[in-house]
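For reference, the structure is listed below as structure tokens.
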Amino acid sequence: MFDVEKIRKDFPMIMNHPDLIYFDSAATSFKPRSVIDTVIDYYEHNNCNIHRGDYDISFAVSKRYDDTRKTIARFINAKRPEEIVYTYGATSSLNIVAINFAKKFLNKGDVILTSEVEHASDVLPWFKAAEQSGAIIKYVPFPKSGRFDLEAYEKCFENENVKIVALPHVSNVLGFIYPMKQIAAIAHKHGAYIAVDGAQAVPHIKMDVQDLDIDFLSFSSHKMLGPAGIGVLYGRYELLEQMDPVFYGGGSNARFYPDCSIILKNTPEKFEAGTPDIEGVLGLGKAIEYLEELGMDNVEEYGKQLAGYFISKLEKLDNVTVYNHGAEAGIVTFNVNGIFAQDAAGYFNKQGIAVRTGNHCAKMLDQIIGVNETIRASMYIYNTKDEIDRFVDVIKETTLEKCVDSIL
Amino acid sequence: MMDKEIKREIMLDHYNHPNNKQTVNDERYKSVHNASDSCIDDITVFMLAEDGKIKDVKFDGIGCTICTASTDIMCDLVTGKDLSEAKAIINEYYKMVDEKPFDEDALEEANAFDTLYQQANRIKCGTIGIRAIEDLINEYDK
């Protein structure tokens with residue numbers, strides 16, 4: 001396992017806010033010095049556009065930009081770097097898949113299988129895909145535990161022409177790791193494709209797209225120590241080859257003619273019209289190197305330990321309800337009994353603790369866990385058991401009066 | 001400035017035992033729904049006004065302490081007032097949460113929120129119901 005105290009020193013946000021307990025990494029993570037330096041270095045020493053300049057700096061940065069595809073491919077074990085498309089983030093990746101998949105592969109009456117308990121980004125693009133293609137949205141039923149039910153899932157294929165399954169690998173609200181290998185195998189057995197939202201998974205667990213045998217994977221850099229504004233769409237090469245871009249413009253075409261014909265560049269460049277987020281790509285590459293150095297097995301194990309430790313402490317309190325017993329990926333979802341989540345979070349804020357409340361972009365989740373608002377504490381590699389202890393002490397003492405006092 | 005103890009009491013009282021929290025199924029009432037896009041607060045306000053005077057205001061929905069208490073207090077404050085008087089009260093309230101000089105006398109129990117401006121992330125909670133009430137006043141004042 002890694003040395004957390006040493007890790008903490010790599011993060012300027014932690015050094016600059018030594019008393020802040022930041023438990024909102026599922027929203028966005030802090031960035032280590034090496035990533036920040038990479039972005040600054042680009043602006044201070046290597047500012048240029050890529051693939052367009054006839055000069056040394058542009059050539060060198062273009063190579064680093066292209067090589068980062070290899071880094072990402074290695075990180076998720078893609079077969080080849082051409083399967084890595086740079087996007088603006090997981091949401092943009094998911095939209096590219098949904099919109100273009102709809103265009104190419106969906107027909108009237110086909111079924112898109114997704115889940116009601118997930119993030120809007122997993123669901124809304126598919127609403128639009130269904131609207132465009134005449135396909136139908138169906139939801140995988142979830143038990144009250146919030147755990148993935150493989151049997152219920154496989155039943156969804158009976159008498160239905162399921163064309164694509166769109167699910168996250170890790171639940172954004174409950175932090176459960178879904179059995180993606182089996183989910184993908186069942187989808188393929190029934191002739192469906194599988195598009196995976198990896199926004200909460202890729203930062204926390206070892207990802208192997210070949211072993212999982214998934215067709216698409218979307219994720220964001222900013223949740224995994226990298227800069228915001230850059231994300232990745234992994235796609236099986238032969239599927240990306242068949243799909244059209246969403247955006248057209250410079251950088252994505254090889255030639256075009258007055259008769260409106262376009263010769264696009266190859267996959268993945270054809271998806272990347274316009275000047276990309278160059279410093280974001282370089283920063284993401286650095287973030288991956290940082291995670292690889294820690295070892296994703298260790299990162300996964302640590303997230304599980306933190307969540308397990310936190311939940312075991314909360315379970316001992318009689319003023320708290322925990323909604324995700326056994327959560328794996330650093331996420332703990334709970335309420336302080338009798339206190340509206342946002343009131344509790346306002347009090348935590350006064351105590352220097354940053355969490356998120358609400359329905360966490362999963363506006364249909366209340367039907368499963370029975371409440372429409374929770375506190376989500378999400379932890380990452382730089383959080384400590386000591387922070388959990390301090391947080392639990394605050395939670396223990398939280399009363400409605402104190403919450404009200406925090407605004408007086 | 002209102003005493004902290006009193007403010008706490010007012011807020012908890014209006015949160016735990018709101019005077020005006022109920023859905024109205026009466027065709028004479030107009031209603032406006034207002035929900036936060038960043039949190040769960042989700043309020044519907046029902047108003048009955050006649051001859052330029054507010055006869056009754058009720059609200060229902062899901063809200064935190066600030067949202068529930070501020071809406072309930074404002075329902076109390078504007079009931080029985082002329083539309084123009086009610087508008088003036090709401091304007092004083094907005095001034096208060098915007099950290100501007102305001103007329104304390106006009107706001108009565110709503111003075112409990114006189115330090116809300118210090119919590120930038122909660123100002124929205126304290127204005128969701130109020131905006132719905134304001135919309136209804138404007139609707140009647142057309």
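The values are calculated or read from the model by the stated rules, or taken from the named source; none is laboratory data. Fair warning: this is a prediction, and the values are worked out from it, not measured in the lab. Don't worry about glycine lacking a Cβ; one is built from the backbone with ideal geometry, like all the others, and counts go over all protein chains shown. Ligands, DNA and RNA are excluded from the accessible area calculation, which covers all protein heavy atoms including side chains. Shrake-Rupley method; radii C 1.70, N 1.55, O 1.52, S 1.80 Å.
Provide the per residue accessible area, probe 1.4 Å, for the stretch B:4-140, rounded to a whole number of square angstrom. Please report the intermediate quantities before stating the final value.
Details: 6120 Å² over 137 residues.
Normalised by residue count, the accessible surface of the stretch B:4-140 is 45 Å².
Highest first, please rank the peptides B:41-47, A:142-148, A:13-19 by the mean number of other Cβ atoms sitting within 10 Å of their residues.
B:41-47, A:142-148, A:13-19
For chain A, what is the accessible area per residue in Å², given a 1.4 Å probe and the full set of protein chains?
Using a 1.4 Å probe on heavy atoms only, each residue of chain A averages 40 Å².
Given axes a ≥ b ≥ c from the Cα gyration tensor, I'd like to know whether the stretch A:29-83 is rounded (a/c under 1.5), prolate (a/b larger than b/c) or oblate. Mind showing how you got there, number by number?
Values: a/c = 3.48, a/b = 1.17, b/c = 2.98.
Cα axes put the stretch A:29-83 in the oblate bin.
Report the convex hull volume per residue for chain A, counting only C-alpha atoms, in Å³.
Convex hull of Cα atoms, per residue: 151 Å³.
Need one value: the accessible area of B:Lys55 in square angstrom, 1.4 angstrom probe, rounded to the nearest 10.
Around 110 Å² of this residue is reachable by solvent.
Taking only Cα atoms, what is the 0 to 90° angle, nearest 10, from helix A:296-315's long axis to the longest principal axis of chain A?
Rounded to the nearest ten degrees, it is 30.
Could you order A:Val35, A:Val371 so the one with the most accessible surface comes first? Probe is 1.4 Å. All intermediate terms of the calculation are to be shown ahead of the outcome.
Numbers: A:Val35 5, A:Val371 40 Å².
Ranked list, largest accessible area first: A:Val371, A:Val35.
Explain nothing, just the number: relative contact order of the stretch A:256-351, from Cα pairs under 8 Å at least 6 residues apart, as a whole percent.
After rounding, I find 17 percent.
Provide a whole-number value for the mean count of partner chain Cβ atoms within 10 Å of the Cβ atoms in peptide A:8-17.
Mean shielding count: 0.
Rounded to the nearest 20 Debye, what is the dipole magnitude of the protein assembly as shown about its Cα centre when Lys and Arg each give +1 and Asp and Glu each give -1 at the C-beta?
Here the protein assembly as shown has a charge dipole of around 1560 debye.
Once the Cβ-Cβ distance between A:Leu150 and A:Gln210 is put in as r, and R0 is 25 Å, what FRET efficiency do you end up with, to the nearest 0.05?
Calculated value: 0.75.
Take the alpha-carbon centre of the stretch A:308-322, take the same for the stretch A:372-407, and report the distance between them in whole Å.
11 Å
Once fully extended, how much extra length lies between A:Met1 and A:Glu293, figured as 0.36 nm per residue of separation less the alpha-carbon to alpha-carbon distance?
In short, 104.0 nm is gained.
Interface size between chain B and chain A, please: total buried accessible area, 1.4 Å probe, rounded to the nearest 100 Å².
1800 Å²
Arrange the residues A:Glu397, A:Glu160, A:Glu83, B:Glu99 by how much accessible surface each exposes, largest first, with a 1.4 angstrom probe.
Descending order: B:Glu99, A:Glu397, A:Glu160, A:Glu83.
Quick one: check the C-alpha center-to-center distance for the stretch A:195-235 versus the stretch B:64-88, whole angstrom.
Each part reduced to its Cα centre gives a spacing of 48 Å.
So how many Å³ per residue does the convex hull of the Cα atoms of the stretch B:2-51 work out to? Spell out each step's value before the answer.
Working: hull volume 7.3 nm³, N = 50.
Taking the convex hull of the Cα positions in the stretch B:2-51, it is 145 Å³ per residue.
Which of A:Ile21, A:Ala129, A:Phe11 sits closest to the plus end of the dipole of the protein assembly as shown, meaning its Cα is farthest towards the positive end, when Lys and Arg get +1 and Asp and Glu get -1 on the C-beta?
Comparing the listed Cα positions along the dipole, A:Ala129 ranks first.
Please report, in debye to the nearest 20, how large the charge dipole of the stretch B:4-140 is about its Cα centre when each Lys and Arg carries +1 at its beta carbon and each Asp and Glu carries -1 there.
Working: 16 positive and 28 negative charges, 58 e Å.
Result for the stretch B:4-140 is approximately 280 debye, rounded to the nearest 20.
Which residue, A:Leu233, A:Leu174, A:Leu106, has the most motion in a Gaussian network model of chain A that connects Cα atoms within less than 10 Å?
Checking each option, the largest mean-square fluctuation is seen for A:Leu106.
Among A:Lys6/A:Lys79; B:Lys7/B:Lys100; A:Lys155/A:Lys223, which pairs are too far apart, with a Cα-Cα distance over 30 Å?
A:Lys6/A:Lys79; A:Lys155/A:Lys223
With an 8 Å cut-off on Cα pairs and a minimum separation of 6 or more residues, tell me the relative contact order of the stretch B:4-140 in percent.
About 28 percent, as a whole number.
Just checking the output field for B:53-65: average partner chain Cβ neighbours within 10 Å of each residue's Cβ?
Numbers: counts 0, 0, 0, 0, 0, 0, 0, 0, 0, 3, 2, 11, 9.
Partner Cβ neighbours, averaged per residue: 2.
Can you bin the stretch B:35-142 into rounded, prolate or oblate? Criterion: square roots of the alpha carbon gyration tensor eigenvalues sorted a ≥ b ≥ c, rounded for a/c under 1.5, prolate for a/b above b/c, oblate for the rest.
The shape class here is oblate.
Please give the length that would be gained between A:Asp37 and A:Asp405 if that part of the chain were fully extended, namely 0.36 nm times their separation in residues minus their C-alpha to C-alpha distance (nm, one decimal).
Computed gain between A:Asp37 and A:Asp405 is 128.3 nm.
Measure nothing but the geometry: give the 0 to 90° angle between the long axis through the Cα atoms of A:278-294 and the longest principal axis through the Cα atoms of chain A, rounded to 10°.
Helix A:278-294 sits at roughly 50 degrees to that axis.
Please sort by residue number the GluC sites (Glu not before Pro) in the stretch B:1-39 whose DSSP state is loop and whose Cβ has at most 10 other Cβ atoms within 10 Å.
Those satisfying the criteria are B:Glu27.
Using a simple spin-label model with points 7 Å from Cα along the Cα→Cβ vector, what separation in nm is obtained for B:Asn91 and A:Ile262?
Between B:Asn91 and A:Ile262, the simple spin-label model gives 5.4 nm.
Projected onto the charge dipole of the stretch A:271-348 (+1 at Lys/Arg Cβ, -1 at Asp/Glu Cβ, origin at the Cα centre), which of A:Ile339, A:Thr275, A:Asn298 gives the Cα projection farthest towards the positive end?
A:Ile339
Would you work out the charge dipole size for the stretch A:36-293 about its Cα centre, treating the Cβ of every Lys and Arg as +1 and the Cβ of every Asp and Glu as -1, and quote it to the nearest 20 debye? Intermediate values should be presented prior to the final figure.
Details: 26 positive and 35 negative charges, 96 e Å.
About 460 debye.
Using +1 at the C-beta of Lys and Arg and -1 at the C-beta of Asp and Glu, which of B:Tyr140, B:Met47, B:Gln22 has the Cα lying farthest in the positive direction of the dipole of the stretch B:4-140?
Of B:Tyr140, B:Met47, B:Gln22, it is B:Gln22.
Quick check: with the 1.4 Å probe, what order do A:Leu225, A:Leu20, A:Leu317 take by accessible area, largest first?
Final ranking, largest accessible area leading: A:Leu20, A:Leu317, A:Leu225.
Once every DSSP H run of n ≥ 4 in chain A is given -39500 (n - 2.57) and the sum is divided by its residues, what mean residue ellipticity at 222 nm do you get, rounded to the nearest 500 deg cm²/dmol? Write down the numbers at each step before the final one.
On the way: 16 runs with 170 residues, N = 408.
It lands at -12500 deg cm²/dmol.
Does anyone have the angle between helix A:90-105 and the longest principal axis of chain A? Alpha-carbon axes, 0 to 90°, nearest 10?
Once rounded, the angle reads 50 degrees.
So, with a 1.4 angstrom probe, what is the percent of accessible area on chain A that is carbon and sulfur?
The nonpolar share, carbon plus sulfur, comes to 51 percent.
Post the alpha-carbon centroid distance, the stretch A:270-293 to the stretch A:62-123, in whole angstrom.
15 Å
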